[in-house]
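S.K.: One structure, pasted below without further comment.
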Amino acid sequence: MNRTSNVEIEPYTLLRAALSLYQKAPGDLEAEQLRQVERQAKNEYAIETRVINSAEAASVIVTEQELQQAIAEVQGRFADEESFNAALAANHLTLPELSAALSRQCKVNAVLEKVAARAPKVNEVEIGIFYHSHPEKFHQPEQRVARHILISINPDYPENTRENAHRRISEIAETLKRKPHKFADLALKNSECPTALDGGELGTIVKGKLYQELDEALFALKENEVSAVVETEVGFHVIQCQKIIHAETLSLKKATPKIRQLMQDRYRRNCQRTWLASLPAG
């Protein structure tokens with residue numbers, strides 16, 4: 001696809017913007033998508049140019065090792081050298097041009113990191129205020145680790161008529177009453193849910209994530225208990241509660257590392273934004 005603008009845009013920046021916005025290369029975009037990508041690429045390049053021209057950038061040097069690591073990271077996304085070179089050509093890039101673009105990006109990142117390091121450190125008072133101002137962030141509801149077996153209802157298949165499906169799941173439920181440790185094996189052999197390959201594992205569940213009937217059955221079970229047959233709109237199930245994780249509100253002590261990281265990241269971003277806004281226009 002030809003570019004919609006006559007203004008030349010640095011190819012790597014264009015590619016980066018396209019992948020960021022649409023997870024596609026520029027050549028795979030529709031005209032309007034490409035125009036939006038071009039706008040973003042121009043803006044990003046202009047900002048990066050201001051960063052490169054700043055006083056802070058004067059003392060920042062990108063080492064050969066850093067550059068080679070950046071190139072290797074890009075190359076590592078491709079199956080082999082041939083596909084890597086084909087991608088470069090498709091995006092109007094040569095290896096020296098890619099190297100120059102990555103060197104520039106490394107320098108921009110290093111300057112922004114240098115600026116972010118000026119951000120004030122989060123103190124204990126701020127952490128405490130955040131904790132008490134956002135109690136909902138630190139409450140973990142009750143969760144259940146669960147697995148299930150599904151026999152679907154489909155009158156087009158003799159074994160899945162309503163009557164036969166119910167008979168099959170009832171036989172499985174009876175076996176599980178005697179041998180609950182066989183749940184994973186029976187799921188693998190009988191369940192018509194993709195989770196069968198993992199022994200019927202549903203993972204860690206909070207209320208409201210499953211079909212209502214299954215949800216109610218699961219949260220009424222004791223640990224390691226298997227339900228009676230449960231019917232939902234997709235068929236018949238049995239479900240097992242493997243573990244109960246009780247509701248918990250994180251203490252300030254336990255929450256502190258998470259809050260500190262969250263607030264410090266915010267301070268760093270704010271510091272970078274303020275500094276960028278202070279730079280003279282290109």
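The values are calculated or read from the model by the stated rules, or taken from the named source; none is laboratory data. Because the structure is a prediction, the values reported are computed rather than measured. Because the Cβ atoms are built from the backbone with ideal geometry, glycine has one as well, and the counts that use them run over all protein chains shown. What goes into the accessible areas is simple: the full protein's heavy atoms, side chains included, and nothing from ligands, DNA or RNA. Shrake-Rupley method; radii C 1.70, N 1.55, O 1.52, S 1.80 Å.
S.K.: Filter the range 124-174 down to the residues that are open to solvent by 20 Å² or more (accessible area, probe 1.4 Å), β-branched (Val, Ile, Thr) and closer than 28 Å to Leu250 by Cβ and list them by number.
M.R.: Of everything in the range 124-174, those that are open to solvent by 20 Å² or more (accessible area, probe 1.4 Å), β-branched (Val, Ile, Thr) and closer than 28 Å to Leu250 by Cβ turn out to be Val125, Ile129, Val145.
S.K.: Kindly indicate which of Ala58, Ala17, Ala72, Ala46 is surrounded by 17 or more Cβ atoms within 10 Å (Cβ to Cβ), assigned to a helix (DSSP H, G or I) and of a type outside the set (Asp, Glu).
M.R.: On the way: Ala58 fails: surrounded by 17 or more Cβ atoms within 10 Å (Cβ to Cβ); Ala72 fails: surrounded by 17 or more Cβ atoms within 10 Å (Cβ to Cβ); Ala46 fails: surrounded by 17 or more Cβ atoms within 10 Å (Cβ to Cβ).
Being surrounded by 17 or more Cβ atoms within 10 Å (Cβ to Cβ), assigned to a helix (DSSP H, G or I) and of a type outside the set (Asp, Glu) holds for just one of Ala58, Ala17, Ala72, Ala46, which is Ala17.
S.K.: How many residues are under 22 Å from the mean Cα position of the chain (by Cα) and open to solvent by 50 Å² or more (accessible area, probe 1.4 Å) if we restrict to the range 247-259?
M.R.: Here the count works out to 2.
S.K.: Shifting gears a bit: Can you find a residue that is out of contact with any helix residue (DSSP H, G or I) (no Cβ under 7 Å at 6 or more places or on another chain) and at positive phi anywhere in the range 150-159?
M.R.: no
S.K.: Can you tell me which residues in the range 96-110 are more than 26 Å from the chain's Cα centre (by Cα), without any contact (Cβ under 8 Å) to a residue 24 or more places away in the chain and open to solvent by 70 Å² or more (accessible area, probe 1.4 Å)? Give the derivation first.
M.R.: Keep residues of the range 96-110 that are more than 26 Å from the chain's Cα centre (by Cα), which gives 96-101, 103-104, 107.
Next cut, without any contact (Cβ under 8 Å) to a residue 24 or more places away in the chain only: 96, 100.
Hit for the range 96-110 is Pro96, nothing else.
S.K.: Return the total of residues in the range 171-198 being under 16 Å from Glu225 (Cα atoms) and either under 25 Å from the mean Cα position of the chain (by Cα) or not aliphatic (A, V, I, L, M) (or both).
M.R.: At the first step, the residues of the range 171-198 found to be under 16 Å from Glu225 (Cα atoms) are 172-184, 186-187.
Subsequent filtering for residues that are either under 25 Å from the mean Cα position of the chain (by Cα) or not aliphatic (A, V, I, L, M) (or both) retains 174-175, 177-183.
Residues meeting the conditions: 9.
S.K.: Consider Ile244 against the criteria (1) crowded, with 19+ Cβ neighbours inside 10 Å; (2) outside any loop (DSSP other than H, G, I, E, B); (3) not polar (S, T, N, Q): it satisfies all of them except one. Which criterion is unmet?
M.R.: In the conditions (1) crowded, with 19+ Cβ neighbours inside 10 Å; (2) outside any loop (DSSP other than H, G, I, E, B); (3) not polar (S, T, N, Q), Ile244 misses (1) alone.
S.K.: Follow-up question, since we're still on this one. Any residue in the range 205-226 that is part of a helix (DSSP H, G or I), under 14 Å from Arg147 (Cα atoms) and open to solvent by 40 Å² or more (accessible area, probe 1.4 Å)? Let's see the steps before the verdict.
M.R.: Filtering the range 205-226 down to residues part of a helix (DSSP H, G or I) leaves 212-218.
Now drop any that are not under 14 Å from Arg147 (Cα atoms), which leaves 214-215, 217-218.
Filter again for open to solvent by 40 Å² or more (accessible area, probe 1.4 Å), leaving none.
Within the range 205-226, none of the residues are part of a helix (DSSP H, G or I), under 14 Å from Arg147 (Cα atoms) and open to solvent by 40 Å² or more (accessible area, probe 1.4 Å).
S.K.: May I pose another question? Looking at Lys177 and the list (1) within 23 Å of Cys241 (Cα to Cα); (2) assigned to a loop (DSSP other than H, G, I, E, B); (3) at pLDDT below 95; (4) not polar (S, T, N, Q), which single condition is not satisfied?
M.R.: Among (1) within 23 Å of Cys241 (Cα to Cα); (2) assigned to a loop (DSSP other than H, G, I, E, B); (3) at pLDDT below 95; (4) not polar (S, T, N, Q), Lys177 violates only (2).
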